[in-house]
Each structure stands twice: as C-alpha cells, then as structure tokens.
1. Calculate the spin-label point distance for Arg70 paired with Ala17, positioning each point 7 Å from the Cα along the beta-carbon direction, and give it in nanometres.
2. Once you put a point 7 Å from the Cα of Glu2 and another 7 Å from the Cα of Ala41, both along the Cβ direction, what distance in nm separates them?
3. Can you sort Asp9, Asp18, Asp23, Asp31 so the residue with the fewest Cβ neighbours within 10 Å comes first?
4. In terms of the Cα gyration tensor, with a ≥ b ≥ c the square roots of its eigenvalues, is segment 10-83 rounded because a/c is under 1.5, prolate because a/b exceeds b/c, or oblate?
5. Run the dipole for segment 10-83 about the Cα centre, Lys and Arg Cβ at +1, Asp and Glu Cβ at -1, nothing else charged, and hand back the magnitude in debye, nearest 20.
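Each value in this text was obtained by applying a stated rule to the coordinates, not by laboratory testing. Remember, predicted model here, so these are calculated numbers, not experimental data. Virtual Cβ from ideal backbone geometry, glycine too; neighbours counted across all protein chains shown.
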Amino acid sequence: MEPTLVEGDRLLVRYGADVAPGDVAVAQFPDGVVAVKRVLAEERHHSGDEAWLLGSDNADAPGARRAPVRKAAVLAVVRARVWPRPGRVRRTSV
C-alpha cells in the first residue's frame with residue numbers, strides 16, 4: 001500500500017476542525033513532536049477525550065504503531081495536498 005502522504009508534500013489544513021476516525025490530522029505529542037497521522041478512533045474518559053492515531057496508513061507495516069493523544073493536542077485536520085501532486089486527502093474507513 002502506498003502512503004497517502006510523503007515527505008515534502010505541502011498540505012492545506014483546517015485548524016480547529018472537528019476530528020473523526022479516518023481523518024488525517026496534525027497533532028502535537030506530549031514530547032513536543034508535531035506529526036501528521038491518521039485518526040484511528042476517539043475515546044471519552046473522565047480525564048478528557050483522546051484520539052488514537054496510527055503511525056502509518058498501512059497498519060500491518062512493520063513499525064506501524066498506535067498512539068493516544070489528548071483531543072486538544074490535535075491541532076488541525078488535513079483537507080488537501082497542494083503540492084507537488086494536488087489532490088484531496090480523503091477520510092478512510094479504519
């Protein structure tokens with residue numbers, strides 16, 4: 001399976017958008033790293049909402065991992081790739 005995005009892609013994002021499973025999102029992890037990942041699921045806890053992010057679109061790939069982040073740490077939702085291969089970044093079923 002080819003990755004949805006590759007290093008060097010320029011993205012159009014929407015800050016503050018509601019995130020849903022299958023979206024590609026920009027998130028800040030607790031260690032400060034900002035990354036673009038696919039949203040696997042959302043969970044509600046008494047301590048706050050979390051979004052589970054996939055490490056890769058190919059969940060069976062070696063090294064693909066899932067990581068929880070607070071929903072507030074999801075900064076934006078990716079809407080489109082504008083360069084070098086313009087196109088919409090679609091929500092997938094996960």
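1. 2.3 nm
2. 3.1 nm
3. Details: Asp9 17, Asp18 9, Asp23 21, Asp31 5.
Ordered from fewest to most neighbouring Cβ atoms within 10 Å, Asp9, Asp18, Asp23, Asp31 come out as Asp31, Asp18, Asp9, Asp23.
4. Oblate shape, in that a/c is at least 1.5 and b/c is the bigger or equal ratio.
5. Dipole magnitude for segment 10-83 comes out near 280 debye.
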